[in-house]
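Trainee: Let me begin by handing over the structure; questions about it come next.
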Amino acid sequence: MSIETAWKFASNTFRVVTENNTALAGEILRDHAPKLALATTNWMDFIAVNTETIALLAAWDAAELVEINSEAAQLSATAAVDDKLASMTRKPDLDTNSPLEQWDATIRAAVAYQGTIYTLLLPHGRETLTGGTIPERIEALEGFVTRLSNQTAKPELVTLSGVVDTFYQALKTLHEAQQSRINEYTAARTALTTLNAMVAKQMFRNTGNAILVWCAEEDNHRIEGLFDMALIREEAPALPAQPTLPTWVPGTRMLSVAALPDRATRLEAWRIGPGGAPELLAVGESGATSVVIPAMYIFTPGSLYQLFVKGRNGRGAGEASASVSWTA
């Protein structure tokens, strides 16, 4: 009789099913932690692993908030850069030139179109400033400012250099902020990936501890009872459906819906404040139809906020609900 080389009990199932899936790892951990805590009330042998699991869950919740919010900040910063670049060629209205058209018109009024100076300033015409990657376009703008400022015999071009420089500096600042947000998101993803491996290790250890405690029982449903086996055995479900419009109660700081959206196991609470970037505030308990926003999040009096929720499951978060407008 041959010996199987892949013995299932020697494989960390949690590592297998959650690899590259932090959303699923978080769902398994959040579902498991209260079940383990309940088992600890009757079996003292779980005290050590329960303490470790509680600490890991707290670390996970903190890291996940950072990761989700840093992703939102990155997307917001990227949108700001894209919008600034688009504004260079965007007409405010049908009767008003875009900034690039205005710059071109100023140059043409000062020098011959496609003459020596014009070609020096815009060697490829307007495309000098509209082609290439974002860093290349920023570099092109910087060079354009320098060339304009060197036209001391044409005061109107020197003046234009100041106008273009203002645009360039604003774009450069937005791009630097975007790069910072990208770096923060990358670091947050790395931190959560590290915790993902720790979650799989802890779940496997907790399972081993349960086997040790209940090893005398032949067909033991208690071990399976520590986990939502559907999360472990089945493929990740589709993303949750869009939630209905939530109710916001400022006095209790609670966002709630009548029922969880289809395929959701919990809710996420979000806000958009004066800064314009979406921010995840809290993740609700499994099965709960409401989320209380922690006191650590401040609402500035007189400021307008948009509050909304998302459904969440082992695959991730679904589409956002419509938002509730509220002035603090």
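Trainee: Can you tell me how many residues within region 80-93 are under 25 Å from the mean Cα position of the chain (by Cα), of a type in the set (A, V, I, L, M, F, W, C) and surrounded by 14 or more Cβ atoms within 10 Å (Cβ to Cβ)?
Mentor: Adding up the residues that qualify gives 3.
Trainee: What are the pairs with Cβ atoms under 7 angstrom where one residue, in region 85-108, is at positive phi and the other, located anywhere, is of a type in the set (D, E, K, R) and not in a helix (DSSP H, G or I)? Sequence gap at least six, or different chains.
Mentor: Qualifying pairs under 7 Å: none.
Trainee: Is there a residue being under 27 Å from Asn183 (Cβ atoms), among the polar types (S, T, N, Q) and either in the same structural domain as Ala188 (by TED's automatic domain parsing) or surrounded by fewer than 18 Cβ atoms within 10 Å (Cβ to Cβ) (or both) anywhere in region 32-51?
Mentor: Within region 32-51, none of the residues are under 27 Å from Asn183 (Cβ atoms), among the polar types (S, T, N, Q) and either in the same structural domain as Ala188 (by TED's automatic domain parsing) or surrounded by fewer than 18 Cβ atoms within 10 Å (Cβ to Cβ) (or both).
Trainee: Looking at region 33-90 only, could you name the residues that are β-branched (Val, Ile, Thr) and under 25 Å from Glu285 (Cα atoms)?
Mentor: Thr40, Thr41, Ile47, Val49, Thr51, Thr53, Ile54, Val66, Ile68
Trainee: Go through region 99-119 and give me each residue that's of a type in the set (A, V, I, L, M) and either touching a Leu at 6+ places or on another chain (Cβ under 7 Å) or within 11 Å of Val164 (Cβ to Cβ) (or both).
Mentor: Matches in region 99-119: Leu100, Ile107, Ala110.
Trainee: Within region 28-47, identify whether any single residue is outside any helix (DSSP H, G or I) and among the polar types (S, T, N, Q), and answer yes or no.
Mentor: Checking region 28-47: at least one residue is outside any helix (DSSP H, G or I) and among the polar types (S, T, N, Q).
Trainee: Are any residues in region 1-27 part of a helix (DSSP H, G or I) and either out of contact with any Leu (no Cβ under 7 Å at 6 or more places or on another chain) or modelled with pLDDT of 95 or more (or both), and if so, which ones?
Mentor: Lys8, Phe9, Ala10, Thr13, Phe14, Arg15, Val16, Ala23, Ala25, Gly26
Trainee: Which members of region 69-89 meet the condition of being assigned to a loop (DSSP other than H, G, I, E, B) and under 26 Å from Ser180 (Cβ atoms)?
Mentor: Met88
Trainee: Moving on. Consider Val163 carefully, then state whether it is of a type in the set (A, V, I, L, M, F, W, C) and without any contact (Cβ under 8 Å) to a residue 24 or more places away in the chain.
Mentor: No, not satisfied.
Trainee: Could you pull out the residue among Ala112, Ala140, Ala170 that is outside any helix (DSSP H, G or I), outside the structural domain of Trp270 (by TED's automatic domain parsing) and modelled with pLDDT of 95 or more?
Mentor: On inspection, the qualifying residue turns out to be Ala112.
Trainee: Consider region 286-303. How many of its residues are more than 18 Å from Gln242 (Cα to Cα) and surrounded by fewer than 19 Cβ atoms within 10 Å (Cβ to Cβ)?
Mentor: The total comes to 11.
Trainee: Ok, one more. Check off (1) under 28 Å from Leu148 (Cα atoms); (2) buried (at least 20 other Cβ atoms within 10 Å of the Cβ) for Lys172 and give me the number that stays unchecked.
Mentor: Failed condition: (2).
Trainee: Here's a follow-up. Against the definition (in contact (Cβ under 8 Å) with a residue 40 or more places away in the chain and farther than 22 Å from Ile54 by Cα), how does Lys154 come out, yes or no?
Mentor: The answer is yes for Lys154.
The values are calculated or read from the model by the stated rules, or taken from the named source; none is laboratory data. Keep in mind it's a predicted model, so treat the numbers as computed, not measured. Cβ sites come from the backbone with ideal geometry, for glycine too, and all protein chains shown count toward neighbours.
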